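These notes concern the structure reproduced below.
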Amino acid sequence: MPAGVSALTFTVIGMTAQLSFRRADTGDVDVLVALYDGAARWMIEQGIDQWKPGQKDADHFRLRIKEGEVWLALGDDSVAGAYELWWDDEPAWGVQPPVAGYVHRLMVRRGAPAGTGGALLAHAERRIVDAGRSHCRLDCVSSNPRLRAYYEGHGYAVVGEQPFKSGGAGSSYAVTLLEKRLGARG
């Protein structure tokens, strides 16, 4: 397996699929924008008021790649999903001690294998533990109970609300803060 690529095998209801993971680079920006826009369109179709197509452009992903970590999940010769991993998140969590990693923009391509979202979370959690941190944190728009339930089903607990997270351009919105304590890697 090439340097910088890790594999994770997962089983969902008798189906086993393998995803490999690699850090995104600036050559992946168009793929990341397409993943985001596809997820945003799906949310709109489902009546979920959260992401909007075009809201995160190439400049957003270039900055996230430069300042943090963006990971791609690859399966069957195509990108199955991606996520951003931040090492702090003051807009949602305020100033915190360095004990957590923060997952943002968990994106799954429509038609990706069942369980891809959970595999993305598991990979993020492993990265956080490998970095010597003990918690995975994320937030979701408070008006999205399906997403909150999804994260709770993966072991995350609600630890608070942030009623005025900045959305840029002077807007703000409410988010639910979720956290999962991670075990040490053996």
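Residue check: Phe61 meets all listed conditions (1) at pLDDT 95 or above; (2) over 16 Å from the mean Cα position of the chain (by Cα); (3) closer than 22 Å to Glu125 by Cα but one, namely (2).
Within the range 129-139, the set of residues being among the hydrophobic types (A, V, I, L, M, F, W, C) and in a helix (DSSP H, G or I) comprises just one member, Val129. Per the conditions (1) more than 22 Å from Lys165 (Cβ to Cβ); (2) among the hydrophobic types (A, V, I, L, M, F, W, C); (3) modelled with pLDDT under 95, the sole criterion not satisfied by Ala92 is (1). Of all residues in the range 16-46, those that are touching a Lys or Arg at 6+ places or on another chain (Cβ under 9 Å) and of a type in the set (Ser, Thr, Tyr) total 2. Here Ala80 clears all of (1) over 11 Å from Met107 (Cα atoms); (2) in contact with a Pro (Cβ under 7 Å, 6 or more places away or on another chain) except the condition numbered (1). Contact map, the range 148-176: first residue open to solvent by 40 Å² or more (accessible area, probe 1.4 Å), second residue aliphatic (A, V, I, L, M) and modelled with pLDDT under 95, Cβ cut-off under 6 Å, separation 6 or more or different chains; pairs are Gln162/Ala92; Gln162/Val175; Pro163/Ala174.
The values are calculated or read from the model by the stated rules, or taken from the named source; none is laboratory data. Given the structure is predicted, the values throughout are model-derived calculations rather than measurements. All Cβ positions, even for glycine, are placed from backbone atoms using ideal geometry, and neighbour counts span all protein chains on display. The area values use the complete protein model at the heavy-atom level, side chains included, leaving out ligands, DNA and RNA. Shrake-Rupley method; radii C 1.70, N 1.55, O 1.52, S 1.80 Å.
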